[in-house]
Amino acid sequence: MSFVTPLTVAWFYVPGLLTALGEGMVGDGYKDLVNIDISSVVIEAMQKKYQERPELKYIKMDVRDMSDFESGSFDAVIDKGTLDSLMCGHNAQQNATKMLEEVGRILKDKGIYILITYGAPNFRLSLLREPHLWTIKLHLIEKLGSEARSRPTWELTNPIPLDDDGSLVTSTLGENPDVHYTYVCIKDSSLRMQ
Ligand SMILES: C[S@@+](CC[C@H](N)C(=O)[O-])C[C@H]1O[C@@H](n2cnc3c(N)ncnc32)[C@H](O)[C@@H]1O
């Protein structure tokens, strides 16, 4: 049986969830997972931890400048918390824009950027929509231990409706709902030409 192995960039943290995600993906047969972080401490620790796992590569790199990667060389990018981290720092808007430009550049057309974030649509949608490069769907994951059982639960696999400015989601869920937001953004270069 032939098996197409996507290349994936996963940004991680120690002992973050994506370390487990990387291991899990290797267990599922993915063979080429490139993990990057700006922290040499994190990268060295992970290189040591996974020295017996050649499928997992760890590279110190700044997401705002991934020029070591060729354009259109990745099928998927998974981001849990890295965009959030930039959004909390100085020059947030500028840095986030640079990062998203680079993500868009290294992905193949129809490649997927999966953004797992605390950012509700009213804080993330305009940033994601600005370059006219992505078709965007939003999925919700309820936080573990969430006690808000009176409101409806969302199937992870069903996207929830988005309006222009994301206010629909806020009005449905209320302020500070117990959820993680997962934006599934598919690169569509034809959108730039419209
Ligand atoms: C909130 S943590 C991410 C958590 C991790 N993804 C997880 O799932 O546990 C943010 C990470 O982003 C990294 N980071 C911050 N700025 C970065 C940049 N410009 N380029 C690459 N990594 C960056 C930090 O070193 C840190 O490891």
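The values are calculated or read from the model by the stated rules, or taken from the named source; none is laboratory data. Just so it is clear, the model here is predicted, and its values are computed rather than measured. Using ideal geometry, Cβ is built from the backbone for each residue, glycine included, and neighbour counts are taken over all protein chains shown.
Enumerate the pairs (first residue in segment 54-69 and acidic (Asp, Glu); second residue anywhere and part of a loop (DSSP other than H, G, I, E, B) and within 8 Å of the ligand (Cβ to nearest atom)) with beta-carbon separation below 9 Å, excluding pairs fewer than 6 apart on the same chain, so at least 6 apart or on different chains.
Matching pairs, first to second residue: Asp62/Ile38; Asp68/Met61.
For the list (1) within 15 Å of the ligand (Cβ to nearest atom); (2) modelled with pLDDT of 95 or more; (3) surrounded by 15 or more Cβ atoms within 10 Å (Cβ to Cβ), I need the number of the one condition that Leu138 fails.
(1)
So, in segment 107-137, exactly how many residues are more than 20 Å from Met193 (Cβ to Cβ) and not small (Gly, Ala, Ser)? Can you show your working first?
Step one: list which residues in segment 107-137 are more than 20 Å from Met193 (Cβ to Cβ), which gives 112, 114-127, 137.
Still in the running and not small (Gly, Ala, Ser): 112, 114-118, 121-125, 127, 137.
Residues in segment 107-137 being more than 20 Å from Met193 (Cβ to Cβ) and not small (Gly, Ala, Ser): 13 in total.
Can you say whether Ile112 is among the hydrophobic types (A, V, I, L, M, F, W, C), assigned to a strand (DSSP E or B), within 10 Å of the ligand (Cβ to nearest atom) and under 17 Å from the mean Cα position of the chain (by Cα), as far as the supplied structure shows? Full working, then the answer.
Numbers: among the hydrophobic types (A, V, I, L, M, F, W, C): yes; assigned to a strand (DSSP E or B): yes; within 10 Å of the ligand (Cβ to nearest atom): no; under 17 Å from the mean Cα position of the chain (by Cα): yes.
No, not satisfied.
Any idea which of (1) modelled with pLDDT of 95 or more; (2) within 14 Å of the chain's Cα centre (by Cα); (3) more than 13 Å from the ligand (Cβ to nearest atom) is the one Leu107 doesn't satisfy?
Leu107 satisfies all of (1) modelled with pLDDT of 95 or more; (2) within 14 Å of the chain's Cα centre (by Cα); (3) more than 13 Å from the ligand (Cβ to nearest atom) except (1).
On the given criteria, is Leu127 surrounded by 15 or more Cβ atoms within 10 Å (Cβ to Cβ) and closer than 21 Å to Leu156 by Cα? Spell out the reasoning first.
Details: surrounded by 15 or more Cβ atoms within 10 Å (Cβ to Cβ): yes; closer than 21 Å to Leu156 by Cα: no.
No; evaluated as a whole, the condition is false for this residue.
Can you name the residue in segment 33-71 that is surrounded by 15 or more Cβ atoms within 10 Å (Cβ to Cβ) and closer than 23 Å to Ser189 by Cβ and is also nearest to the ligand (Cβ to nearest atom) among such residues?
Within segment 33-71, the match that is nearest to the ligand (Cβ to nearest atom) is Val63.
Name the one entry in Glu70, Glu44 that is within 27 Å of Glu130 (Cβ to Cβ) and not β-branched (Val, Ile, Thr).
Numbers: Glu44 fails: within 27 Å of Glu130 (Cβ to Cβ).
The conditions single out Glu70.
Does segment 88-98 include one or more residues that are away from the ligand (no atom under 13 Å from the Cβ) and surrounded by fewer than 20 Cβ atoms within 10 Å (Cβ to Cβ)?
yes
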